[in-house]
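Only one structure is covered here, and it is reproduced in the block below.
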Amino acid sequence: MISVVIIDKKMKFDNSKFITQLPSITIGISTIAENLSMFIKTFSFSNLVHANEVIIIVQGKIFDEEIYNIDKNFIIIQDENIGISNSRNIVIAKASCDYIWFLDDDIKIYKNSILLLKNHIAKNMSDLYTIRMNYKNTPIPYKRYRNRINLKKRDSLKVSSVELIASKKFLNDKNIKFNNNIGLGTKYPSSEENIFYLDFFDNNAQINHIDEYLIAHPYIDRKKNHFSNPNILFAKGIFCKRYGGVFGIFILLYFAFKILLISLNFKLVVYLLNGYLEGRKYIDNA
């Protein structure tokens, strides 16, 4: 169940600097009630000025009155369900702009990022874009990015949802959503963005990479976290099943090798294999 806390459909963002050819952008931000106070204090709201629409999804009960001090033109929705995928899907359903950019409460967005993004899209209209991000307060890239514009199926391995900007029309036409069975906040907190990317690719989407660093993310030891958590590994097994074919099995074996290299724990490999073997159930019932 969701409830709309604030809705003002007459958005008052400053679009005077834009030419009519630029696409419109919805920024969808996901947070939870426990993080709300910190989110309000630390998020760079002023850098959203070039957005055409901002939707904030708060999962859990909203008790912090400071939420009402955020720009009144934002759409703030309380969601009683849990899971980042459910939150993203609410944004997809509510967004009214040409493209949706999915962000989280711990992301730093740079001052001119939205305007830069609009200009890139205007030059090359595609169905899905990926961008780059740094670690917060450093120039260090968050991951190793490929130096090419047109992305392939195997690029699904390295995407993060906050790096994705999706065409609202393509989402609607192909009925693409995030898989509610997986992702942060669910029992299997990983791989929802990878499968989301695959849904675009398998529907013959044009997927392009924008080689601009537009956001920053706090440091996380991704290797240790992703290859020592049994439920994350189960989700990775689901992703391998969704990828399919010989290469899906190759990815599964690669993940198993990384588990043993990082943790030396054979039991963790079993969670990965179980995710693969049971994966179809979680894919078909999303």
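The values are calculated or read from the model by the stated rules, or taken from the named source; none is laboratory data. All values derive from a computational prediction rather than experimental measurement. Because the Cβ atoms are built from the backbone with ideal geometry, glycine has one as well, and the counts that use them run over all protein chains shown.
Key figures
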quantity: Given (1) in contact with a Ser or Thr (Cβ under 8 Å, 6 or more places away or on another chain); (2) surrounded by fewer than 19 Cβ atoms within 10 Å (Cβ to Cβ), index of the condition residue 253 fails; calculated: (1)
quantity: Selection count, the stretch 147-183, where residues are in contact with a Lys or Arg (Cβ under 7 Å, 6 or more places away or on another chain) and aromatic (Phe, Trp, Tyr); calculated: 1
quantity: Of all residues in the stretch 123-135 being at pLDDT 95 or above and not polar (S, T, N, Q), the one that is surrounded by the fewest Cβ atoms within 10 Å (Cβ to Cβ); calculated: 132
quantity: Complete set of residues in the stretch 78-99 that are surrounded by 23 or more Cβ atoms within 10 Å (Cβ to Cβ), part of a strand (DSSP E or B) and not hydroxyl-bearing (Ser, Thr, Tyr); calculated: none
quantity: In the stretch 180-224, the residues that are over 20 Å from residue 90 (Cβ atoms) and among the hydrophobic types (A, V, I, L, M, F, W, C); calculated: 198, 201, 205, 207, 210, 214, 215, 216, 220
quantity: Index of the failed condition, residue 80 passing every other in (1) under 26 Å from residue 211 (Cα atoms); (2) of a type in the set (Asp, Glu); (3) in contact with a Gly (Cβ under 8 Å, 6 or more places away or on another chain); calculated: (1)
quantity: Residue 178 vs. criteria part of a helix (DSSP H, G or I) and either without any contact (Cβ under 8 Å) to a residue 12 or more places away in the chain or in contact with a helix residue (DSSP H, G or I) (Cβ under 8 Å, 6 or more places away or on another chain) (or both); calculated: no
quantity: Which listed residue is within 22 Å of residue 143 (Cα to Cα) and surrounded by 15 or more Cβ atoms within 10 Å (Cβ to Cβ), from 210, 283, 182, 238; calculated: 210
quantity: Residue list for the stretch 156-175, filter: of a type in the set (Val, Ile, Thr) and in a helix (DSSP H, G or I); calculated: 162
quantity: Conditions (1) outside the structural domain of residue 81 (by TED's automatic domain parsing); (2) in contact with a strand residue (DSSP E or B) (Cβ under 8 Å, 6 or more places away or on another chain); (3) of a type in the set (Gly, Ala, Ser): number failed by residue 244; calculated: (2)
